[in-house]
Each structure stands twice: as C-alpha cells, then as structure tokens.
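Laboratory data are not the source of any read-out in this text; all were calculated from the coordinates shown. Nothing here was measured: the structure is a model prediction, and the numbers come from that model. Cβ placement follows ideal geometry from the backbone for every residue including glycine, while neighbour counts extend to all protein chains displayed.
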Amino acid sequence: MRVVDHGRYIMGPEVGELEQRLASYCGVEHVVTCSSGTDALLLVLMAWEVGPGDAVFVPSFTFTSTAEVVALLGATPVFCDVKEDTFNLDPRSLKKELARIRAEGTLRPKAVIPVDLFGQPADYDAINEIAVDHGLHVLADAAQSFGARQNGQVVGSLAEATATSFFPAKPLGCYGDGGAVFTNDAELEGVMRSLRIHGKGLHKYDTVRVGLNARLDTMQAAVLLVKLDSFDEELSARQRVAALYSDLLGGLVITPEVDEGATSAWAQYTIRVRSGGGNHPGTSEAGDGSDRRDAIADALRAQGIPTAVYYPRPLHQQPAFADNDSVRLPISETLSSEVLSLPMGPYIGEGEIHRVSRALHQVADIV
Ligand SMILES: *Cc1c(COP(=O)(O)O)cnc(C)c1O
C-alpha cells in the first residue's frame, strides 16, 4: 500500500533500500537488482562483453537459463559434467573442457558459470583457482542458493560476480519475477546499472551502450523487504525439513550430500532412485533408466504427494543446443534419469514429512 500511495512503481525508493539490505546481508559492496535471475546472468555477461568467439563453460545439469544467456550473446556454451554427490560443476571436467577448447584453438575461453544446484554452493575454491590460472571470469549462478554459505562466507561473495533469482519458488521469492547481481567490482556495478536501463549515461536520454529494460519493480522490492525479515528463520526451517527427510530416507534412496564447511539453502530436496536396469555412469543414454523413477513419482502422485524432476534432460542433449550432439557427459546423463525432488519448503510440517517418507517406503518396494 505504501508503494501505491507514493506511486513510484519504477525505481522507487524501495529498490535502493532493498539493494542496501541485500549488500549488507551478503557482505558485498554492490548489489544491482533486476527483472529476473536470467537477466541477472545476462547483465554480467554483457558487462564483460561476452560475445561471438568466446567460450563460456557451464554445467550441463542445470536450468536452461545458465546456457541460454551465453548463446543469446552469440558466445558458445561449453558443457561440463557435474559431481555425482553434490550435482555441481566438477572442476576436473572444467579442466578437461578447457584443455580441449585450447587445443582446438577456435574459441577464446572467457568465463565459467558454476551453478549452486538445489541450494548448495559449487566448489568455488577449486573453480576460482582454475579461473585465475586460465584468466577466466567467474559468474556464480546462485538462483537456487541465496542464503547458503561456504567456509563462513555467504553466497554472493564467493565469486567475482553472483546472480540470483527472486522467482516465487526460489528460497527468497517475490510475488512475480525478480533478480539481483552481487559483486565487489565497482566498475562492473556501474556498467550493469547502465545496461539495466537501456544503456543510459548520466542523463536518462543519453544512450552510451546497447542495453535492456531489466529493472526490478518497486512493488517486488517492497515484498522482498518484508520477506527478508523472516528469511533466516525460513532457512533454518528448510534445514530442519531436509535433516528429517535424510534421517527417514537414508537407507532407502540416495539422499543429498552437503560438503563439509557448506550449508544449503535447500531450494530443493532431491533424492536419487537407482534405475531398475542397473545402469552405471557412463553407460546410460538420455531417457533410458528413468522408468523406475517415473513409476515412483506416479505412485506418490496417486497418494496425493507431488514431486518434480529437475532436470529430466541435460542441456547438452536439448534441441536448442543440438550442436553438442556428440558430447558425452555421463554423470549429467545418469542424474537426469535418477533424480526426484520431494515437497520442500519452510512451512512443511513434521507429520507431512513422515507421510511422504511412509509413502516412499511403500512404493519403493512395489516398483
Ligand atoms: C531459476 C533459475 C534461473 C533463472 O531465474 P529466473 O528468475 O527464473 O529468470 C537461472 N538459473 C538457475 C539454476 C535457476 O534455477
């Protein structure tokens, strides 16, 4: 109602207030809010002048945005495999793909976008080190991990630049689309502030670069300011939900692992169900081996328990990225046929978690 009263729906005072609150929450100097998590990724890559001829390394097992923004700018997404235990970018695969791109000599290695899948930070120690050795920018895709930590540092401060999303289903969600970029680089911040408003200069009608309309609505900023007040409590509640799931499901399915020294924001609680046919990493094809997982999901749905598959097909096997047809990333391919995300949120009660667990024990025996 305050926003309706002052009527400054675009770039109203709540936007700046939110940016300051987010910066102090993460312990970074600059936060630029924007219209979505996808635009947050895009703003950073545009500011770094990523374009044709550039290779940007991304995990294949992620949401499409991570690679989409690279391709939109005319650069080439180079797909890497992930680690089986954390679902996150495998630094060994990154090194291997870097070596391949260097040997081929047609693309310039420019940046890497690690993804904090399901809420857990990627292996930034290892990835940042590789990036320094190879002169790569590091853009963290933290769309799912806002609020998580690694070695005492909060997500937002783990990479040169970090993009997050406030899509309603993310750990900190608004009532529509929204996103933000976190960085300590003042120059990057300045360019993004310009890009987000049509590449403006000092004056609104100076156009100094080709930009976007990528602002966060004042209304969404106001919603986020209120939701930030209870965010830490919600993170703790998600942590309790995850811990109870893991207690109850430990022997039955592969439960998610969190690295030592890290916490997850638990955007998703994702289990793995082994495929019936005994497929192993390296032998599975896309779509193969998911029958048992899908049967379990169907049986849970019949009991009124919703689940979701993030993601049923790795990006290197998507039609939009068809020039990666010959690429084989065995872990990403296996995970896409085995993962199943269970109901997760801060307001799920213990009784409900027990009900999901009982149902899963029943159906896992049957299928
Ligand atoms: C949700 C998500 C995005 C995109 O965020 P939007 O706000 O929906 O644009 C990017 N990357 C990952 C990993 C995501 O989960």
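To the nearest 20 debye, what charge dipole does the chain have about its Cα centre, counting +1 at the Cβ of each Lys and Arg and -1 at the Cβ of each Asp and Glu?
500
Among GLY351, LEU89, THR218, which residue has its Cα positioned farthest towards the positive end of the charge dipole of the chain, with +1 placed on the Cβ of Lys and Arg, -1 on the Cβ of Asp and Glu, and the dipole taken about the Cα centre?
Of the listed residues, the answer is THR218.
How large is the translational diffusion coefficient of the chain in µm² per second when you combine the Kirkwood radius over alpha carbon pairs with Stokes-Einstein at 4 °C and 1.567 mPa s?
The calculation lands on 61 µm²/s.
Answer with one residue from LEU158, PHE118, THR183: the one whose Cα lies farthest towards the positive end of the charge dipole of the stretch 113-190, charges on Cβ with Lys, Arg +1 and Asp, Glu -1.
Among LEU158, PHE118, THR183, the one farthest towards the positive end of the dipole of the stretch 113-190 is PHE118.
Please find the FRET efficiency linking ALA99 to HIS361, where r is the Cβ-Cβ separation and R0 is fixed at 35 Å, and quote it to the nearest 0.05.
0.15
Rounded to the nearest 500 deg cm²/dmol, what is the calculated helix-only ellipticity per residue at 222 nm for the chain, with -39500 (n - 2.57) per DSSP H run of length n ≥ 4?
Helix-only estimate at 222 nm: -12000 deg cm²/dmol.
Can you give the convex hull volume of the alpha carbon atoms of the stretch 1-101 per residue, in Å³?
Taking only Cα atoms, the stretch 1-101 has a hull volume of 152 Å³ per residue.
Listed highest first by mean packing, meaning other Cβ atoms within 10 Å per residue, what order do 304-317, 97-110, 178-191 come in?
Descending packing order for the listed peptides: 178-191, 304-317, 97-110.
Stretch LEU252-TYR9 to full length: gain in nm at 0.36 nm per residue minus the Cα-Cα span?
Here the answer is 82.4 nm.
Taking Cα pairs under 8 Å and at least six residues apart, what relative contact order does the chain come out at, in percent?
19
Which value, in Å³ per residue, describes the convex hull spanned by the Cα atoms of the stretch 196-272?
Per-residue hull volume (Cα only) is 178 Å³.
How many angstrom separate the Cα center of the stretch 113-181 from the Cα center of the stretch 34-106?
14
Label ARG274 and TYR175 with points 7 Å out from Cα along Cα→Cβ: what is the distance between them in nm?
Result: 4.8 nm between the two label points.
Can you give me the distance in nm between label points at TYR205 and VAL132, each placed 7 Å from the Cα along the Cα-to-Cβ direction?
Between TYR205 and VAL132, the simple spin-label model gives 4.9 nm.
Return the lysines within reach of LYS110: Cα separation strictly under 17 angstrom, same-chain partners fewer than 8 residues apart disregarded; answer none if there are no such residues.
Correct list for LYS110: LYS95, LYS96.
What full-extension length gain, to one decimal in nm, is calculated for GLU17 and ASP232 as 0.36 nm per residue of separation minus the Cα-Cα distance?
Difference between extended and current length: 75.5 nm.
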